[in-house]
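J.: There's a structure below that I have some questions on.
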Amino acid sequence: MRFIEHGDKTNKSLLLIHGMANTSDLFDPLLPYLKDYYVIVCELDGHSEKEQGLFISATDSAQKIEEYVKDNLEGRLYGLLGFSLGGTIATELISRGNIEVERTVLDAAFVIKMGIMTYPFKFLFQVAIGCIKKDIHIPNALIESIMGKGNSGIVDTLYKGVSLKSIGNAALSCYTYTIKDGIRNYHNPIVFWHGENEPYPVKSARLLKKYIPQLKKRVYKNMGHGQMLHEHTSIYAKRLIDFLD
């Protein structure tokens, strides 16, 4: 796992965790807006052009992030943002309570169980990534059925170098995730963002609200999975900064 640091370490810290089949590059367009923060981008195992590795699980990733934060930031984060799989890992971090987090943004975190659809969805995602790795065209209608109407551009953010084993493990981490009771002890500000055209994150937000009554939700109109971040970065950044401030 890589931790890429940006800015002045005396500023408030902000840790960003990307999604499945992304790299740290996902957040590059966001960085110019975050110069008043000490930004650490976590690049997950198996999702890096710089390091070899295999994504194991959300729990394994959370443990490694905790070690980094304890060793480098005295066990405290001012801000934490996790997108998609990164949101699942962020949920795990605040549930475990081994580090302090003052503000949390969950962007389309996946924390609901898929049941009998777990392995079909895992297989479907692996097939899609396999096609992308081989430059095989995937019909926009198929992409939009999963990622949201009008969101076929999400494919451009995906990392062709990710292994299908890492994708399989990441998918299982999301689709079988169990929210821990420890999350009830998280009393700091927390928001859940998702696009209007995303079918599953809305269920995640509803479930999390039962554990964290103070959780606030923001729905991005006419947006699919990750679409606000990669197509409307300036607005996304403003809303992030407004929340952090």
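J.: In segment 95-121, how many residues are under 21 Å from K210 (Cβ atoms), over 14 Å from the mean Cα position of the chain (by Cα) and not basic (K, R)?
T.: 6
J.: Search segment 216-245 for residues being among the small types (G, A, S) and not in a helix (DSSP H, G or I), and hand back the single one that is nearest to A108 (Cα to Cα).
T.: Within segment 216-245, the subset among the small types (G, A, S) is 224, 226, 234, 237.
Pick out the ones that are also not in a helix (DSSP H, G or I) and you get 224, 226.
Numbers: G224: 10, G226: 8 Å.
Of everything passing the filter in segment 216-245, G226 is nearest to A108 (Cα to Cα).
J.: Continuing with the same structure: Looking for something without any contact (Cβ under 8 Å) to a residue 40 or more places away in the chain and part of a helix (DSSP H, G or I) - is there at least one such residue anywhere in segment 98-110?
T.: Narrowing segment 98-110 to residues without any contact (Cβ under 8 Å) to a residue 40 or more places away in the chain: 98-100.
Cutting the leftovers down to part of a helix (DSSP H, G or I) gives us none.
Looking for residues that are without any contact (Cβ under 8 Å) to a residue 40 or more places away in the chain and part of a helix (DSSP H, G or I), one finds none in segment 98-110, hence no.
J.: Does segment 222-245 hold any residues that are modelled with pLDDT of 95 or more and among the charged types (D, E, K, R), and which are they?
T.: Hits for segment 222-245 are K238, R239, D242.
J.: Within segment 157-168, work out how many residues are surrounded by fewer than 21 Cβ atoms within 10 Å (Cβ to Cβ) and either in a helix (DSSP H, G or I) or at pLDDT 95 or above (or both).
T.: 4
J.: Do we find a residue being under 15 Å from L81 (Cα atoms), among the acidic types (D, E), touching a strand residue (DSSP E or B) at 6+ places or on another chain (Cβ under 8 Å) and modelled with pLDDT of 95 or more anywhere in segment 36-48?
T.: Step one: list which residues in segment 36-48 are under 15 Å from L81 (Cα atoms), which gives 37-44.
Among the residues that remain, those that are also among the acidic types (D, E) are: 43.
Then keep just the ones that are touching a strand residue (DSSP E or B) at 6+ places or on another chain (Cβ under 8 Å); that gives 43.
Still in the list and also modelled with pLDDT of 95 or more: 43.
Within segment 36-48, one or more residues are under 15 Å from L81 (Cα atoms), among the acidic types (D, E), touching a strand residue (DSSP E or B) at 6+ places or on another chain (Cβ under 8 Å) and modelled with pLDDT of 95 or more.
J.: Please verify whether segment 190-207 includes one or more residues that are more than 15 Å from G87 (Cβ to Cβ), touching a strand residue (DSSP E or B) at 6+ places or on another chain (Cβ under 7 Å) and of a type outside the set (D, E).
T.: From segment 190-207, those more than 15 Å from G87 (Cβ to Cβ) are 196-197, 199; that's our starting set.
Among the residues that remain, those that are also touching a strand residue (DSSP E or B) at 6+ places or on another chain (Cβ under 7 Å) are: 196.
Right, trim to of a type outside the set (D, E) and you get none.
No, because not a single residue in segment 190-207 is more than 15 Å from G87 (Cβ to Cβ), touching a strand residue (DSSP E or B) at 6+ places or on another chain (Cβ under 7 Å) and of a type outside the set (D, E).
J.: Among residues belonging to segment 158-184 that are small (G, A, S) and under 14 Å from the mean Cα position of the chain (by Cα), point out the one that is nearest to G53 (Cα to Cα). Break it down stepwise before answering.
T.: First, the residues of segment 158-184 that are small (G, A, S): 161, 163, 166, 168, 170-171, 173, 182.
Now drop any that are not under 14 Å from the mean Cα position of the chain (by Cα), which leaves 170-171, 173.
Working: A170: 13, A171: 16, S173: 17 Å.
Filtering first and then ranking leaves A170.
J.: May I pose another question? Using the structure shown, decide if I154 is in a helix (DSSP H, G or I) and crowded, with 18+ Cβ neighbours inside 10 Å. Write out each step before concluding.
T.: Working: in a helix (DSSP H, G or I): yes; crowded, with 18+ Cβ neighbours inside 10 Å: yes.
Judged against the criteria, I154 is a match.
J.: Out of L81, L26, L54, L31, which single residue is assigned to a strand (DSSP E or B) and of a type outside the set (D, E)? Quick ask: steps written out before the conclusion?
T.: Numbers: L26 fails: assigned to a strand (DSSP E or B); L54 fails: assigned to a strand (DSSP E or B); L31 fails: assigned to a strand (DSSP E or B).
Testing whether each residue is assigned to a strand (DSSP E or B) and of a type outside the set (D, E) leaves just L81.
The values are calculated or read from the model by the stated rules, or taken from the named source; none is laboratory data. Quick caveat: nothing in here was measured; it's all calculated off a predicted structure. Glycine gets a Cβ as well: all are built from the backbone with ideal geometry, and neighbour counts include every protein chain shown.
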